[in-house]
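Single-structure report; data block below.
The values are calculated or read from the model by the stated rules, or taken from the named source; none is laboratory data. Values in this document were obtained by computation on a predicted structure and should not be read as measured data. Don't worry about glycine lacking a Cβ; one is built from the backbone with ideal geometry, like all the others, and counts go over all protein chains shown. Please note that ligands, DNA and RNA were not included when accessible areas were found on the heavy atoms of the full protein model with its side chains. Shrake-Rupley method; radii C 1.70, N 1.55, O 1.52, S 1.80 Å.
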Amino acid sequence: TDTLPSIGLSADLTDSVEMRLGFSKTLARQTFKELTPVLQQEFLGGPVFIGNPDLQLSQLQNYDLRVDYRPDDGTLLSASYFLKDIDGPIEYVQREIEFNFTFPINYPTGRLSGFEFEARQSLDRYWDKLEGLSLGANATFIDSKVDLPDFEVEDFAAYGYDLTSRDATNAPEHLFNFYLTYDVPQTGTLMGLFYTVRGDTLVTGDGLADNGQNYIPAVYQEEFDTLNFSIAQQLNDCLLYTSRAHE
């Protein structure tokens with residue numbers, strides 16, 4: 001029964017510069033894990049997660065502005081701004097009974113905004129023998145905030161903390177990606193080397209124990225990087241085989 005409109009506008013500012021505007025309404029659905037009210041652990045002795053069967057869908061309003069500069073077929077420089085207004089964002093918080101556990105709840109409202117910059121270049125522009133090789137990078141800077149529900153504001157105030165909002169969970173401060181791809185159309189082979197840096201990310205928000213006396217601090221995942229190599233091979237017109245290595 002949800003109405004999810006979407007509208008976009010594209011305009012050529014010059015022969016090589018294109019601007020795009022977009023607005024859409026979308027939904028963020030609960031996962032099975034988030035809805036299941038049982039004790040869950042990914043490994044023995046790991047953090048405990050308990051789902052919430054009363055969890056509701058989140059509704060998002062998305063605004064996007066993007067400008068692309070393509071001086072030739074093999075070059076792209078791009079900058080974009082995005083804004084997401086979220087009604088009922090699903091947030092992870094810390095709870096305690098006889099043990100600490102993570103619990104998902106709907107917060108009243110949230111906002112996610114930021115900038116993204118991208119550059120991509122085909123290397124055969126500089127040397128014909130590099131045909132198929134492309135080098136690229138992108139950087140995303142994210143500012144996120146969710147408003148605490150009234151009962152949490154009151155609980156924190158009673159404990160001496162003046163908190164009305166905090167960072168959103170699972171929204172890193174920044175993302176950096178660098179990649180090198182090699183496309184061989186004659187054989188249907190595509191290879192790629194990808195290096196990613198993910199900034200500090202809130203995993204679960206702070207909370208208070210049920211007795212209202214014990215403060216449970218937030219949990220952040222510190223910045224980390226990953227290196228991935230993938231290869232995809234077209235077997236025929238219908239089949240594609242893909243292999244990935246991860247470090």
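Please find, among Ser113, Ser80, Ser122, Ser58, the residue that is hydroxyl-bearing (Ser, Thr, Tyr) and modelled with pLDDT under 95.
Ser122
How many residues does segment 1-54 contain that are open to solvent by 50 Å² or more (accessible area, probe 1.4 Å), among the aliphatic types (A, V, I, L, M) and either more than 30 Å from Ile105 (Cβ to Cβ) or not in a strand (DSSP E or B) (or both)?
9
Would you confirm, using the coordinates I've provided, whether Arg95 is at pLDDT 95 or above, among the basic types (Lys, Arg) and either more than 26 Å from Tyr179 (Cβ to Cβ) or open to solvent by 30 Å² or more (accessible area, probe 1.4 Å) (or both)?
It is false that Arg95 is at pLDDT 95 or above, among the basic types (Lys, Arg) and either more than 26 Å from Tyr179 (Cβ to Cβ) or open to solvent by 30 Å² or more (accessible area, probe 1.4 Å) (or both).
If you check Ala168, Ala139, Ala232, which single one turns out to be within 25 Å of the chain's Cα centre (by Cα), outside any strand (DSSP E or B) and aliphatic (A, V, I, L, M)?
Numbers: Ala139 fails: outside any strand (DSSP E or B); Ala232 fails: outside any strand (DSSP E or B).
Selected residue: Ala168, the only one of Ala168, Ala139, Ala232 that is within 25 Å of the chain's Cα centre (by Cα), outside any strand (DSSP E or B) and aliphatic (A, V, I, L, M).
Restricting attention to segment 110-137, which residues are touching a Lys or Arg at 6+ places or on another chain (Cβ under 9 Å) and crowded, with 16+ Cβ neighbours inside 10 Å?
Gly110, Arg111, Leu112, Glu116, Ser134, Gly136, listed by residue number.
Output the number of the condition that Leu76 fails; it satisfies all remaining conditions of (1) of a type outside the set (Gly, Ala, Ser); (2) surrounded by fewer than 17 Cβ atoms within 10 Å (Cβ to Cβ); (3) assigned to a strand (DSSP E or B).
Every condition holds for Leu76 apart from (2).
Could we say that Pro149 is farther than 16 Å from Asp206 by Cβ and surrounded by 14 or more Cβ atoms within 10 Å (Cβ to Cβ) here?
Values: farther than 16 Å from Asp206 by Cβ: no; surrounded by 14 or more Cβ atoms within 10 Å (Cβ to Cβ): yes.
So Pro149 does not fit the description; no.
Run down Ala218, Ala232, Ala171 and say which single residue is in contact with a Ser or Thr (Cβ under 6 Å, 6 or more places away or on another chain), modelled with pLDDT under 90 and surrounded by 12 or more Cβ atoms within 10 Å (Cβ to Cβ).
Ala232
In this structure, is Asp143 modelled with pLDDT under 90 and either under 30 Å from Asp87 (Cβ atoms) or open to solvent by 30 Å² or more (accessible area, probe 1.4 Å) (or both)?
no
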